[in-house]
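**Q** Here you go, one structure.
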Amino acid sequence: MDFLTLFLIYLCCVLVTAALLCVCSGRKESFLARSVSGASQVLSFVIPTQLQRVTHRALHRLFHTRSCLFVALHIALQAAVYGEYTWEVFVYCWEMQFHLLLLLLPYLLLAGNVGCFILCSRADPGVITKSNHSSLVKIYAYDGVLFQKGTVCPVCDMEKPARSKHCSFCGLCVHRFDHHCVWVNNCIGASNAKYFFLYLFSLTAMAAAIATITAALLIQVVLLSNMMQGSYIDEQGQEHAIDILFVIQHLFLTFPRIVFMLGFVILLTLVLGSYCCFNLYLAFTNQTANEWYKSRRYGYSHHLTLQPRDRLVYKHIYSKGIWKNLKEIFKPPTALERKKKM
């Protein structure tokens, strides 16, 4: 079995695993969680009790509390990609007289992405405190389904404003809570949603730019070598015209790190691009990820009613039109603005 076949099998396994994680992650008790639980029960018979306790505390600290591990992983991956781009792709492209502005584009996007990352991770997401609670509770109306008036957070000992949620990672209630992002080690709420929006899109643009430039480099190499007009002799001694699979395998053997990086950034572009589209949908409809997930248990209708078999039907009440919804991301409403509209 040649390397290209093994690489395709590996890529398929990665894609299938990613798809399973995406499908199962929205469930209350995901397939992944059940698998980990089952595996831990089996391993408990052979692993010493003390080691089990240490492992359990470490996993709980990693996945249920704020941790810088994913931030470090995020930085390491960026450093690896940009290191390969700088030391090989940039040099080869410069020798082939690619336009300088095109080669510098990934660095410009990186500068913007780092700025958005710092703002997103350091900014207050909209933490609800005793001092701002009275003003935040007036901003959004309770829909009576996802957000009930009079619901008190047992940890913060305050009535939850509409569209807020208590974050178990941070131990705080957050106004217009979207989700807790482990990659920036912070909650995404009303006050820093714009920074996350820009961070996500700049990250996608970075991956797409590097993928495009790297692919253009490899295509240029193939065109300059006139490889597609050649032929090769297989193990049985028969002559064949060079096809795309042969070219890919040849490029991998010639530029292994560049081709591996290209595969990684293409996959990253597809994943991040899909997530960007999802976030655009949420922004256009004025939903948070938390609201979208919670509303999946209900149906949709133009009004709130009880359907046959007492199934509650939910209608999202916070959308104001695409333009105003987008504006709300970058300029969150205040209690004073809502009072003027009323």
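Laboratory data are not the source of any read-out in this text; all were calculated from the coordinates shown. Predicted model, so just to flag it, every value in this text is computed and none were measured. Note that we place each Cβ from the backbone using ideal geometry, even for glycine, and neighbour counts take in every protein chain shown.
**Q** I need a count of the residues in segment 94-122 that are surrounded by 17 or more Cβ atoms within 10 Å (Cβ to Cβ) and assigned to a loop (DSSP other than H, G, I, E, B).
**A** 1
**Q** In segment 123-133, what residues are of a type outside the set (A, V, I, L, M), part of a loop (DSSP other than H, G, I, E, B) and either under 22 Å from the mean Cα position of the chain (by Cα) or surrounded by 11 or more Cβ atoms within 10 Å (Cβ to Cβ) (or both)? Steps first, answer last, please.
**A** Kept after step one, since they are of a type outside the set (A, V, I, L, M), are these residues of segment 123-133: 124-126, 129-133.
With the extra rule that they be part of a loop (DSSP other than H, G, I, E, B), the set shrinks to 124-126, 129-132.
Within segment 123-133, D124, P125, G126, T129, N132 qualify.
**Q** Does L146 meet the test of being part of a loop (DSSP other than H, G, I, E, B) and in contact (Cβ under 8 Å) with a residue 40 or more places away in the chain?
**A** On the way: part of a loop (DSSP other than H, G, I, E, B): yes; in contact (Cβ under 8 Å) with a residue 40 or more places away in the chain: yes.
In short, yes.
**Q** A further question follows. Go through segment 140-182 and give me each residue that's closer than 23 Å to L198 by Cβ and among the hydrophobic types (A, V, I, L, M, F, W, C).
**A** Within segment 140-182, C167, F169, C170, V174, F177, C181, V182 qualify.
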